[in-house]
1. Among the numbered criteria (1) surrounded by fewer than 21 Cβ atoms within 10 Å (Cβ to Cβ); (2) touching a strand residue (DSSP E or B) at 6+ places or on another chain (Cβ under 9 Å), which single criterion is violated by A:N79?
2. Look at A:I271 and say whether it is more than 16 Å from the ligand (Cβ to nearest atom) and in a helix (DSSP H, G or I).
3. What number of residues within the range A:168-185 satisfy the criterion of being more than 16 Å from the ligand (Cβ to nearest atom) and assigned to a helix (DSSP H, G or I)?
4. Taking the residues in the range B:27-62 that are modelled with pLDDT under 95 and outside any helix (DSSP H, G or I) as candidates, determine which candidate is farthest from B:D125 (Cα to Cα).
5. Quick check on the range A:194-242: of everything there that is assigned to a loop (DSSP other than H, G, I, E, B) and at pLDDT 95 or above, which residue is nearest to the ligand (Cβ to nearest atom)?
6. I need the full set of residues from the range A:141-166 which are surrounded by fewer than 20 Cβ atoms within 10 Å (Cβ to Cβ), within 13 Å of another protein chain (Cβ to nearest Cβ) and of a type outside the set (V, I, T), in order please.
7. Here are the criteria: (1) away from every other protein chain (no Cβ under 14 Å); (2) over 22 Å from B:K246 (Cα atoms); (3) touching a Pro at 6+ places or on another chain (Cβ under 7 Å). Tell me which single one B:D177 does not satisfy.
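The values are calculated or read from the model by the stated rules, or taken from the named source; none is laboratory data. Remember, it's a predicted structure, so these values are computed and weren't measured experimentally. Quick reminder, even Gly has a Cβ in these numbers, built from the backbone with ideal geometry, and neighbours come from all protein chains shown.
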Amino acid sequence: MSYLSNKLQLGFGLGLRTDHYETILNEKPSIDWFEILTENYLVSGGKPIHYLERIRELYPIVMHGVSMSIGSTDPLDWNYLKEIKALDQRIEPKWISDHLCWTGMNGKNTHDLLPLPYTEDVIQHVVNRIQQVQDFLGKRILIENVSSYVTYNQSIMSEWDFLKEISEQSDCLILLDINNIYVSSVNHEFNPLDYLDAMPADRVQQIHLAGHSDMGDYIIDTHDNKIIDQVWKLYSAALHRFGMVSTMIERDDNIPPLNELIVELNQARQIAKQILAETTV
Amino acid sequence: MNELLTIQNSFQDFLIQDDKEIYQSIVDTGKVSAETRLEIYRNAYRYRLIDALAANYPILKIYIGDDQFEDLGIAYLDKYPSNFRSIRWFGDQLVNFLNDNLPYKSFPYLSELAKLEWAMTLTFDAADSEIIDIETVKSIPPEDWAKMRLQPHPSTYLLSLSWNVVQIWQELSEDQDPHEPIQNDHPVNWLLWRKDLINQFCSLDNEEACAIEAMLKGLTFNEICEQLLQWFDPQDAAIHAASFLKGWIMSGLISGISLGTGSSLES
Ligand SMILES: [Fe+2]
């Protein structure tokens, strides 16, 4: 347990979405921080940059990318990484994250977070690339677990062992997506608590919560819905293991007014408050 | 890394061209077949990119309707899979695609509507820049005017459109029924730029469009006047160019003025 760990605590945040720019500036709602989708701000100017510059004066920001393609067999894209570094210097986020996945090869980008086979070779490949990225950016990055729908015949270990090994060997931090663990646990029929138990607690720097679409036999990670009870329960279990972790809710589609998301965020606050009270007694 | 390379290659070929080789690498569970599992990815891939296309061409989507737009998106994606890091740039070849392929090329106003919308996206997130006011240009001594080079705001785009697609665009963005497509006798010049974060556009007569085009090429004020000699005598050309310049400054189109090499005036 790492209740005494000195990891940076941002509290409870939301994804920064275009629809909410004006409300945020006008009402300065009680949200502790915002996560931006990095690629949306890799543009020269105009509205996105304008609003980000103003919102970052009021709230801590973290950068969350979808295109690093850390597991791809293509060479790292240094032009992209230079853009990330420039944005990092311009907006000074608290940290930078991307996903444990690949998004394309042979110069193409599928813009999807595709799973990797869980093998020793792939661990070495990804560790080496994370280290190069961290050296280039001059800081540790956070790597997020994705939701997945397939298992490769070539995999020889669990996803949690794969993530744990990579984070430890590359000395990166973890963005643990609780909804993704839940989605994958249903799709691949594992116990999500096994996943939580395997995580190196000190490395879990951020948590994602989100809603999804239940298709009956499987679940699709759509970020267009409210968080379901099982995911809240898993969140509680995560906080029991890791202590307080900076938490944010992802909503990418069917985006409601900010107030609705704040109500959901307050639910996370309540859960955390209760658990931290229990564990400090 | 040969194994990973093979898996990624066949997975991507599956997403992009429905190649089935990846099936042999996927575990088939009793509950959900490998086929169903893989189809989740293929659907997500297609719909994410079609949504991205719709974000860049929202009015074209309304104009041709959801089903037609989906067919267009799938056909476009087959021909031009993304090689961009940021999905924002997906759709950069749509104008060419509409011009080159049936059935779209039979309806040439579709590619013009796409051309208008793509230019709008470029205007929307072009680089920021200061704009100068009229005092800046007043401070330039008359003898230096000839060698002035005007720096247009980076969001400035000039389009020549043969169809009434701006009208159609406006009507659809206001939820009105669009006019029938009509081809003009002569192409019309349209200017797009951004002011106070909001996209602006207006039509231009040929004289002013010619002057803007000369400015965008980086020509001097004197050279802009020379371009206008096809319509005016020398004295009138200068008067017109000066009045254009005043209008551009008032509209927030001019980011700076440089005098020859080195010296530059910005607000
Ligand atoms: Fe996530």
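1. Result: A:N79 passes all but (2).
2. Judged against the criteria, A:I271 is a match.
3. 3
4. Filtering first and then ranking leaves B:G30.
5. Out of the qualifying residues, it is A:M199.
6. A:N153, A:Q154, A:S155, listed by residue number.
7. (3)
The rows are residues; the columns are (1) of a type outside the set (V, I, T); (2) farther than 30 Å from A:E57 by Cβ; (3) away from chain B (no Cβ under 14 Å).
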site: A:W78; (1), (2), (3): yes, yes, no
site: A:R90; (1), (2), (3): yes, no, no
site: A:Y118; (1), (2), (3): yes, yes, no
site: A:I123; (1), (2), (3): no, yes, no
site: A:Q134; (1), (2), (3): yes, no, yes
site: A:E168; (1), (2), (3): yes, yes, yes
